[in-house]
Amino acid sequence: MKRIFDIVFSFTGLVILSPFFILIGFIIVMDSNGGVFYFQERIGKNKQPFKLFKFRSMATNADKQGLLTVGGKDSRITKVGYYIRKYKIDELPQLINVLIGNMSLVGPRPEVKKYTDLYNQEQLNVLSVKPGITDYASIEFSNENEILGKATNPEMVYINEIMPAKLNLNLKYIKDQSLLTDFKIIIKTILKILK
């Protein structure tokens, strides 16, 4: 049932948003050198790697300087990128991932291998379900960039504080998951973005 829900909503979303995607793509290309999309390998269900779609919001090859985005004014972020990140527009192309089937609308946010390699046995249960575009952790840590921006050692704060807290929320979701829960998380996500 969840897969049908994902297919219907991702396909409908992509059709409705296609003119907006074209506009955003044009603005991104005009704003800075590089392609419209950014592809990053993430770890999905059953530890399977996949390519995550995003609108490019940073300078080309910015990930070679670090995987974490630190602060709202990370110097690698483009002018347009600042706004598409602020309103989570950069995440919208992940509807393609949902339609393909390597993501769901709601589920634990997918991580890069560098961080999933640090999961303990209980935390690995997060990889037993499809990752999602949004989850409890996305709502709770919507200001993650600002938190990391204030840290002396952002990566250590992420690994020792933020990541474990996110994983606890993800494990909570896995225990309580249902279509009703998914609807609630989607509504809360939209309200958080609008706020």
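Worth a mention:
- Whether region 106-189 is rounded, prolate or oblate, judged on the alpha carbon gyration tensor where a/c under 1.5 counts as rounded: oblate
- Relative contact order of region 10-163, pairs being alpha-carbon contacts under 8 Å that are 6 or more residues apart, as %: 25
- The calculated 222 nm mean residue ellipticity attributable to helices in the chain amounts to -14500 deg cm²/dmol, summing -39500 (n - 2.57) over DSSP H runs of n ≥ 4 and dividing by all residues.
- Residues Asp135, Asp176, arranged from fewest to most other Cβ atoms within 10 angstrom of their Cβ, appear as Asp176, Asp135.
- When each full DSSP H helix of the chain is screened for a Cα extent of at least 15 Å along its own axis and an average Kyte-Doolittle hydropathy of at least -0.5, the helices passing are 2-31, 163-176, 179-194.
- With neighbours defined as other Cβ atoms within 10 Å of a residue's Cβ, the residues Leu127, Leu171, Leu23 order from fewest to most as Leu23, Leu171, Leu127.
- Each of Glu122, Glu140 was scored by other Cβ atoms within 10 Å of its Cβ. Listed from fewest to most, they are Glu122, Glu140.
- The chain: C-alpha gyration tensor shape, a/c 1.5 cut-off, then a/b vs b/c: oblate
Each value in this text was obtained by applying a stated rule to the coordinates, not by laboratory testing. This is a predicted model, so every value here is computed, not measured. A quick note on method: Cβ atoms are made from the backbone with ideal geometry, for glycine too, and the neighbour counts reach across all protein chains shown.
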